[in-house]
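The next block holds one structure in the form of C-alpha cells; read it before the comments.
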2 protein chains.
Amino acid sequence: MSKLRSAPTLDDVARQAGVSTATVSRCLNAPDRVVEATRQRVMQAVEALGYTPNFAARVMAAKRTFTIGAIIPTMENAIFARGLQAFQEELHKRGYTLLVSSSAYRPEVEEEQIRTLVARGADGLLLIGHDRNPQIHDYLERQKVPAMVAWSYIPNARAPSIGFDNRQAMQALADRVIGLNHTRIAMISGVSEGNDRARLRIEGARDALRKRGLNPDSLSIIETSYEVENGAEAFARLISQSPHPTAILCGNDVLAAGALRQAQSMGLNVPEDVSITGFDDIELARIVSPALTTVHVPHREMGSKAALELVEMVENSTPGSTIRLQTEIVERQSLGPANNS
Amino acid sequence: MSKLRSAPTLDDVARQAGVSTATVSRCLNAPDRVVEATRQRVMQAVEALGYTPNFAARVMAAKRTFTIGAIIPTMENAIFARGLQAFQEELHKRGYTLLVSSSAYRPEVEEEQIRTLVARGADGLLLIGHDRNPQIHDYLERQKVPAMVAWSYIPNARAPSIGFDNRQAMQALADRVIGLNHTRIAMISGVSEGNDRARLRIEGARDALRKRGLNPDSLSIIETSYEVENGAEAFARLISQSPHPTAILCGNDVLAAGALRQAQSMGLNVPEDVSITGFDDIELARIVSPALTTVHVPHREMGSKAALELVEMVENSTPGSTIRLQTEIVERQSLGPANNS
DNA sequence: TTGTAAGCGTTATCAC
DNA sequence: GTGATAACGCTTACAA
C-alpha cells in the first residue's frame, strides 16, 4: 500500500528550497531577518507545495495563538451581533482571530465553553455579564488567561468590564415613563437569575418608582426567556390585570416586539391604549411599527473598545480597566402619555 | 527570580499520582483500559492540580481536533442563526465543537477564514453557498478537510450540499404572485455576484414570468446588500417608477422588512397598494405588520442534517451526499391581489 | 494493567 | 544570514 501523502510540512518546504527549517520559519515570521534571494526561493517552495503552517505545532512552540475567544448567551437574536462584529473587526486589525461560541444562556454550558476555549489556547476571553460561578475566575487566573466582561459595567467586580450601567439606564427610561403620568407600570424581564443585566434593569425600574414616590412593589414583573413569543405571552398576561397597566417596560427589544405584536392582535393601540418600551436599540426597534422607544446602547463602540482593552491585557499582562459607556433614550412612537381612564 | 508556575501538564499529574504519563492519558481518553483504583488516584491528582489538557499538544499527537468550522456570510442578521444553532447542537451530541467565523460577504475574507480554520485543524468545514474560487476546493482536498455546503442545493457541484432549490422556491412564490394578477413586478435582491442563492432566486422569478407568458426582462431588479435600510431605499426607487410595480419580491425577509417600512412611511398600504414578499421566514417575518408572506426554509432541519452528514464524512472518509430540502410558501398578509388601477 | 519512548510540526536559542 | 537542535505536552505502539 502506498503511503498516503499528507499535508506538506516545514520540512518539506525546507528540503524543496534547499534551506533549513529554521530559515523557512523565519521567512514566514520575520521576513526581514532573511536575505531577499533565499526568501524568494522559500516562498516559491511554499507556493508550489501549497504549504500551510500547522497551527497546533506553532502554538506548542510559540505558546501564543493570537486567538481570542468569546462566549455569548445566544446567536439567535441580534443583541450581541453588532457589538461582536465590531469586536472581531478590531481584533482582526491587531492580528487576532476571534472564535465564538454560544451558551444558550446556560451557565454550565458557558463554563464548558470557557474550558474548551482555554484548552484551545485562547490568549484572552470575552464574557458577557458578571454573574457566574467565581471558581471560573479562579480557573482563568490559574491558567493565566485574561478575561474581559462586556455588556455590563460594574466597577470593582472580579473581572474588568466594559459596558453601561444597566440599572441607571433603566431607571432613566422608567423615569421618563412616569413623567408621562403612567402610574400602573409593568415589566417584562429576561430571566434574572444568573443574569446581572436583567436583574439590574429590574432594580433600575424599581428605583425610578421609588424616587417618584410610587411603591416599587407595585411593579408587576414577568420574567421569561428572550424570545418574541415569550414577550407576547407575557404581555397577554399583564394586560389582563384589572386595572391593566398603562405602560409596559420590556427587558429588551425582542420582548418588546413580542409585546407589541400581541397588543396589536388584541386590538389595542400603542401607545394610546398602552405604552411599550424596549431596550438595546437593535435594528428590530426601528422595523416594528410603531417604532420602539428604547434605550440606545453603543454596541459597536463597546465591541471595539473591548477588543482594544483585551489585547492590551494579553500583550502587556495588564489587569485591564473598567470602562463605562453612556446609553441614551431614543424616543420613537411606542411610548406616549398615560391614558388613565 | 522565581520560576513562574505555569499550567500543570500531564507530567505533573503523573508524578502527583505516582504513575506514568501514558496511564494518565489513558484515564482521560480510554478510562476502561485502566484499573479502577489507579484511575481514582489519577483523577484526584487531576482535580487537585486543576489540570486541563493542552489542546495543541493533543492535536499534534492525535491528529484529530473534534472541531468543525463554519464560515457564514454574516452574524448580523438572523438568516443563518437558527440553522447554525441546530448545527451546533447536533455536533455537540456527537462530541464535536463548533467554531464560527463570519466573512462579511467578502470572498477574500472567506478564503482567509477557511485557511485559518484548516490550519487550526478543523476536521471538517461548513460553508454557505457554492459560489467561490474553485481553488479553494483544491486546497481543501489537498489538506484532506471535508467540506459541506449549506443553504443551497446544487446536485453534482464541487462539494456536497444540503439545502433547497432557491430557483424553484422563488419561482413558486413568483408564480403565486402572478396568479394574483400582478403583472408589474419588481425585485429587491441581494448582491448576486458570488452569491448563488441570490442569483438563483432572480432566475426563479424570471422563470415564473416566462412560464406565465410575461416578459422576463420586464422584471426590474435592484441588487443591494442585505440590510433593512437598503431594502427601504430600493423600495423607494422602485415605487417611483410609473406605472409603479404592484408587487415587489424581496430576496430575503430583512430586505422585505425594509421595503415594508418604507412603504408605510410613504403612506402606502400593504398589500392594497403594493404587495411585498420575503424569503427565509425568519422571526422578523412574523413581527412586522402586516406579517410577511414568505418562503419558509427548514433552517433547523438543514442545520442538524448538515451536522450528521459532515460528521459522517469526517469519520468515515465518505464523499458526502447532497440533500434537497423542501421549502413552502407561507401566506400571511403582505401579499394580496393586484390593484391594477 | 502499566511503563517506555518515539514521534507530531513548529519556534527559539545558540553557534557558526 | 543561516543551520543544528532542544524544547513544547500529548498520544500511542510496543514492551514488560
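Please treat every number below as a calculation from the coordinates, not as lab data. Bear in mind that the values here come from a model prediction, so they are computed numbers and not experimental data. Cβ coordinates were reconstructed from backbone atoms using ideal geometry, including for glycine residues, and neighbour counts include every protein chain displayed.
Of note:
- Helix A:166-179 axis, angle to chain A major axis (alpha carbon atoms, nearest 10°): 30 degrees
- Ordering B:Phe87, B:Gln168, B:Ser189 by the projection of their Cα atoms onto the charge dipole of the stretch B:64-197, which places +1 on the Cβ of Lys and Arg and -1 on the Cβ of Asp and Glu, puts B:Phe87 at the extreme positive end.
- Note on B:Ser321, B:Ser275: ascending count of other Cβ atoms within 10 Å places them as B:Ser321, B:Ser275, the fewest first.
- Per-residue ³J(HN,Hα) for the stretch B:256-266, Karplus 6.51 cos²θ - 1.76 cosθ + 1.60, θ = phi - 60°, Hz, x for Gly and Pro: 5, 5, x, 4, 4, 4, 5, 4, 5, 6, 9
- Computed with the Debye formula from one identical point scatterer per Cα of chain A, without solvent, the log10 of I(q)/I(0) at q = 0.08, 0.11, 0.15 Å⁻¹ comes to -0.49, -0.76, -1.14.
- Cα shape, the stretch B:166-297, gyration tensor, a/c 1.5 rule: rounded
- Here B:Lys63 is the anchor, and the lysines within straight C-alpha reach of less than 26 Å, apart from those fewer than 8 places off in the same chain, are A:Lys3, A:Lys63, B:Lys93, B:Lys144, B:Lys305.
- Under 5 Å, built H, 5+ apart or other chain: amide partners of A:Leu99: A:Ile68, A:Gly69, A:Ala70
- For A:Gly190, residues with placed amide H under 5 Å, excluding near neighbours: A:Thr224, A:Gly251
- Here the 3J(HN,Hα) profile of the stretch A:38-45, calculated from phi with Karplus coefficients 6.51, -1.76 and 1.60 at θ = phi - 60°, is 5, 4, 3, 4, 4, 4, 4, 4 Hz, Gly and Pro shown as x.
- Per residue of peptide B:51-61, the mean number of Cβ atoms on other chains within 10 Å of the residue Cβ is 6.
- Remark: relative contact order (chain A) = 16 percent; criterion is Cα-Cα distance under 8 angstrom and separation of 6 or more residues.
- Here the label points at B:His92 and A:Ala22, each 7 Å from Cα along the C-beta direction, are separated by 4.8 nm in the simple model.
- Rounded to whole Hz, the Karplus (6.51, -1.76, 1.60) HN-Hα couplings of the stretch B:69-77, x for glycine and proline: x, 9, 10, 10, x, 7, 9, 7, 10
- The relative contact order of the stretch B:166-297, computed from alpha carbon pairs under 8 Å that lie at least 6 residues apart in sequence, is 24 percent.
- Cα-based shape type of the protein assembly as shown, given that a ≥ b ≥ c are square roots of the gyration tensor eigenvalues and the cut on a/c is 1.5: oblate
- Least to most buried among B:His137, A:His182, B:His244 (fewest other Cβ within 10 Å first): B:His244, B:His137, A:His182
- Cα point-scatterer Debye curve for the stretch A:33-133, base-10 log of I(q)/I(0) at q = 0.10, 0.11, 0.18 Å⁻¹: -0.41, -0.48, -0.92
- Here the residues A:Lys305, A:Lys144, ranked from fewest to most Cβ neighbours within 10 Å of their Cβ, fall in the order A:Lys144, A:Lys305.
- Using the alpha-carbon positions of the stretch B:10-53, Rg (one decimal) and Dmax (whole number) come out as 8.8, 23 Å.
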